[in-house]
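Novice: So that we are looking at the same thing, I have put the structure below in structure tokens.
Every number in this text was worked out from the coordinates using simple rules, so none of it is lab data. Bear in mind that the values here come from a model prediction, so they are computed numbers and not experimental data. Neighbour counts are summed over all protein chains in view; Cβ atoms, including those assigned to glycine, are modelled from backbone coordinates with ideal geometry.
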Amino acid sequence: MEVITANTKKPLTVVGIVVLALFAAFPLFLGQYWLHTAIVGLFYVMMASSWNLLAGYTGQVSFAHAAFAGVGAYTSGILAAKAGLPPLLGLPIGIAVAAVLGLALGSLCIRMGGIYLSLTTLGFSEILRIIVTNEYEITRGTMGLKTPPLFGEYSKTVSFYVLLAAALLILWLIRRILNSDLGASFRAVQNDETAAASLGIPVVRVRILAFVIAGAMAGFAGSLYGHYLMLITPHILSLDLMFLVLAMTVIGGMGTFIGPIVGALFLETLSEYIRVYGEYHILIFGLVALAVARFAPQGLVGLWRQFRSAV
Amino acid sequence: MMPAPVGEQVTAHAVRIAAINPYISPRGLGMNAKKLHRALVVLFALFPVIGAGPTWAADDSIKIGVVGPRTGPAAATGKAFEEGFAVALDMVNAPGKGVLGKKLEVVFEDTAGDPEKAASGIEKLITRDKVALVVGESHSSAALAEIDVANRLKVPLIIAEAWHDDITAKGYKYVFRAGPSNSGVVNDSLMGFVKANGFKKVAIVAENTDWGLGIKKLAEEGLKAANIPFMTIVTERQSQDHYTELNKVKQFGPDLVLAFVYGFGLHYFIAQANETGLAPQTALVLDGAGPPSLWPDFWKNVGDAGNLELFVSSMNVDKPVTEVDKAFYEAYRKKFGQNPTDYKSRSLFNTVLLAADAINRAGSTDADKLVDALEKTNLTIASGVVKFDLTPGSYRYHQWQPPMLVVQWQDKKQVVVHPKDLATGELKKK
């Protein structure tokens, strides 16, 4: 059992501050394009980490996570574009709607597990995407809904810091949850629901709560992303994006705190490099995923740990 | 990405749960956080290094960007664009030519017809590839996303084949269009064709995109003004099943169907219109976009149902409009061993010529000088002599409309049936 003592805390804090300072200084030395990549990377960090909380820690492999991001983005975007509501007010409403849908879907899936839960959430996600695509008079469908930026004038630097702060907030919340009784309950439910119930853990409530928390986090990320891009299309709630989030989590290291962060930043950067290959970039993505699955089933984090123990 | 400090106290509850599975640490993550922090440091340290990235820009070249769909339902347009700029680059970079004494280079970014990909694609071209100017696009929804980025980042964009009026009607300084607009196509071509050929009842089937809905509205207004009865159906862009719509259309009994459906969806539409006994049995179908009727798979997908189908086009290989047009067909045949089929290869060819001309006359790649040069354009391209309209306040601002033709497939041969002065044959209704 890992024990972090007072002696190890200090250097870790210093390392953490250095990492954060380095990341926070990106706008000073990164060009506009790579700043954009970093912002998109932060969105995926939020998405992959929150999905990991649900799938990696409670074992509920939901395919509706991108749909929750879409719900957050469209709620806030429609309120801003059609009703003139300031994005800062639309943002919490987007989170709330995503959380309520998370509650509904989580409740629907109470008695489901494994493939049945996955298929139900996949169906929910596709239904939502079809509705958004076809209700073009409200959502503008595949034409894309134009939304205002979060704060007055558009600024990449401001967007970067907003997304960075949001990602840190999400990671801090996840870390707090994982280190709390609730986090321990999550893992207990994942390992053996019957044993967890015998110890007095309210299994149903824990499972639903995981859906609500993860859904709200995805709604938050999606809403911010929509206002950053100033354009929302059904792509945000597509299975394409969902599988990308899944790949990021698995390639980074599912069920670990750091894995989804590493996976999201790694794959987002990689995708920028291989986009020059046009339609073949999906193939390259698949090859990377296959290579990781074959040679590093525990993800990049697992690979790093193996390397460190070998050294 | 610093994890929260782990508390010293471990709750009895957590210990109880950990007892279920010895591999779970009640303290949290069950991993060596210090090592992972090092991994993160390496990753973050590498990020800006990666971000700096290799640059492929050669000093002896000037880069322009091309935006268009290389994937998705209209991927064939991407191929046409590739052919178009390949022919144009051969001409522009011919010995003794070039732009400002340098070679013109093209960076092609796939937009897949998706507004989000289009916006990020053009941003990549401008901020990463540092292109002087961007040309292309054939999807209005994608173009409407691109114009905001081009105008915000202050880099000229010349739209080739996205027709929605708003693209130029927004009055953006950095946005030009050397191609058709919905209003131009409907008012100058389609309505003239409908009236000249005495069609009595028209059905409009439009896809739910900016182009489809925009051109549908204009066609409705035109038909209303001409007192011609019509009905309208809006369909999903990627739909492969049009039977429901077609049965409604058949009940209405039109003699002309204006199909504003782009991509392979049009092929399904024509084949199914034939199956339901609508076209060409009782009505003609007019493809309001054009290229899908010319794609290589057209005849394979529609079979005999394609006979008598009509489509709009700006190109007629048998009747070159200008000397540049003639040169384009010759160069194309030399390069690809056949005549061009998709007129969008010619549209893209035109925009590259316009871009090279603007850079040469501006004497630099400065965006404002390029805008100034584009506004003073007086260049003969394949479709005619381009002079951009400078009157603000309408879709004509910064636009030049090429003449559009209505062509009919007659026994797998293209026959221009409208306008009369450019016609190569008579319209066949049955």
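Novice: What does DSSP give for the protein assembly as shown in terms of the percent of beta bridges that are antiparallel, rounded to the nearest 5?
Specialist: If I count the DSSP bridges inside the protein assembly as shown, around 30 percent turn out antiparallel.
Novice: Then there's this: If the cut-off is a Cα-Cα distance under 20 Å, which lysines reach B:K429, setting aside same-chain residues fewer than 8 apart in sequence?
Specialist: Output for B:K429: B:K195, B:K200, B:K201, B:K250, B:K412, B:K413, B:K420.
Novice: OK, next. Roughly how big is region A:93-154's charge dipole about its Cα centre, with Cβ charges of +1 (Lys, Arg) and -1 (Asp, Glu), in debye to the nearest 20?
Specialist: Here the size comes out at about 140 debye.
Novice: Something else now. List, in order, the whole-Hz ³J(HN,Hα) value for each residue of region B:78-86 obtained from phi through the Karplus relation with A = 6.51, B = -1.76, C = 1.60 and θ = phi - 60°; use x for Gly and Pro.
Specialist: Karplus values, whole Hz, x for Gly and Pro: x, 5, 4, 4, 4, 5, x, 6, 5.
Novice: Once you put a point 7 Å from the Cα of B:K201 and another 7 Å from the Cα of B:R361, both along the Cβ direction, what distance in nm separates them?
Specialist: My value for the distance between the label points is 5.1 nm.
Novice: About its Cα centre, how strong a charge dipole does region A:113-258 have in debye, to the nearest 20, once Lys and Arg get +1 and Asp and Glu get -1 at the Cβ?
Specialist: Details: 9 positive and 8 negative charges, 56 e Å.
Charge dipole, region A:113-258, about its Cα centre: 260 debye, nearest 20.
Novice: Same structure, new question: Positive end of the charge dipole of chain A (Lys, Arg +1 and Asp, Glu -1 on Cβ, about the Cα centre): tell me which of A:P148, A:I110, A:P27 has its Cα farthest that way.
Specialist: Checking the options against the dipole of chain A, the answer is A:P27.
Novice: Among B:L310, A:F160, B:S347, which residue has its Cα furthest toward the positive end of the charge dipole of the protein assembly as shown, with +1 on Lys/Arg Cβ and -1 on Asp/Glu Cβ?
Specialist: A:F160
Novice: Sticking with this structure for a sec: Give me the percent relative contact order of chain B, please, defined on Cα pairs under 8 angstrom at least 6 residues apart.
Specialist: 16
Novice: With both partners inside chain B, how many of the DSSP beta bridges are antiparallel, as a percent to the nearest 5?
Specialist: Here the antiparallel bridges make up roughly 25 percent for chain B.
Novice: Follow-up. For region A:6-310, what's the relative contact order in percent, using C-alpha pairs closer than 8 Å and at least 6 residues apart? Could you put the intermediate results ahead of the total?
Specialist: Working: 455 pairs, mean separation 95.8, N = 305.
Answer for region A:6-310 is 31 percent.
Novice: 5 Å is the cut-off here: which amide hydrogens, built 1.01 Å from N in the peptide plane, fall below it relative to A:L231, excluding neighbours closer than 5 in sequence?
Specialist: So A:L231 has HN proximity to A:T147.
Novice: Now for a separate question. B:H418's amide H: which non-local residues (gap 5+, or another chain) put their own amide H closer than 5 Å, with H modeled 1.01 Å from N in plane and none for Pro or chain starts?
Specialist: B:V406
Novice: Could you pull out every residue, at least 5 positions away or on a different chain, whose amide H is within less than 5 Å of the one on B:L256? Hs are placed 1.01 Å off N in the peptide plane, and Pro or chain starts have none.
Specialist: B:K201, B:A203, B:L284
Novice: Follow-up. Considering the dipole of region A:6-310 built from charges on the beta carbon (Lys and Arg +1, Asp and Glu -1) around the Cα centre, which of A:G255, A:L79, A:G286 is farthest to its positive end?
Specialist: A:G255
Novice: Same structure, new question: Could you state the orientation-averaged shadow area of the convex hull built on the Cα atoms of region B:293-338, in nm² to one decimal?
Specialist: On the way: hull surface 16.1 nm².
Mean shadow area of the hull around the Cα atoms is 4.0 nm².
Novice: OK, next. Karplus couplings for region B:260-274 from phi (6.51 cos²θ - 1.76 cosθ + 1.60, θ = phi - 60°), rounded to Hz, Gly and Pro as x?
Specialist: Karplus values, whole Hz, x for Gly and Pro: 9, 10, 9, x, 5, x, 5, 4, 4, 4, 5, 4, 6, 5, 6.
Novice: Compute the longest continuous run of chain A that contains no exposed chymotrypsin sites (Phe, Trp or Tyr not before Pro); treat a site as exposed when its DSSP state is not H, G, I, E or B and it has at most 16 other Cβ atoms within 10 Å.
Specialist: That would be A:155-311.
Novice: How big is the Cα convex hull of the protein assembly as shown in projection, averaged over all directions, in nm²?
Specialist: It is 33.9 nm².
Novice: To continue, here is another question. For chain A, what does -39500 (n - 2.57) per DSSP helix run (n ≥ 4), summed and divided by total residues, give at 222 nm, in deg cm²/dmol to the nearest 500?
Specialist: -25500 deg cm²/dmol
Novice: Here is a follow-up. Between B:K387 and A:A310, what is the FRET efficiency for a Förster distance of 41 Å, r being their Cβ-Cβ separation, to the nearest 0.05? Display every interim value, and only then the final one.
Specialist: Working: r = 70 Å, r/R0 = 1.71.
With R0 = 41 Å, the Cβ-Cβ based efficiency is 0.05.
Novice: Applying the Karplus parametrisation 6.51 cos²θ - 1.76 cosθ + 1.60 with θ = phi - 60° to the phi angles of region A:283-298, what ³J(HN,Hα) value in whole Hz is obtained for each residue in order, glycine and proline being reported as x?
Specialist: Those phi angles translate into 4, 5, 4, x, 5, 5, 4, 5, 4, 5, 4, 7, 9, 9, x, 8 Hz.
Novice: To the nearest 20 debye, what charge dipole does region A:6-310 have about its Cα centre, counting +1 at the Cβ of each Lys and Arg and -1 at the Cβ of each Asp and Glu?
Specialist: Charge dipole, region A:6-310, about its Cα centre: 640 debye, nearest 20.
Novice: Computed FRET efficiency, Cβ-Cβ of A:Q32 and A:D192, R0 51 Å: what is it to the nearest 0.05?
Specialist: Efficiency for this residue pair is about 0.50.
Novice: Shifting gears a bit: Let me see the pair-distance distribution of chain A: every alpha carbon pair, 10 Å bin width, integer percents in order.
Specialist: In whole percents, the pair-distance histogram is 6, 26, 35, 24, 8, 1, 0.
Novice: Using a basic spin-label model with each label point 7 Å from the Cα along Cα→Cβ, how many nm lie between B:S394 and A:Y280?
Specialist: Distance between label points: 4.9 nm.
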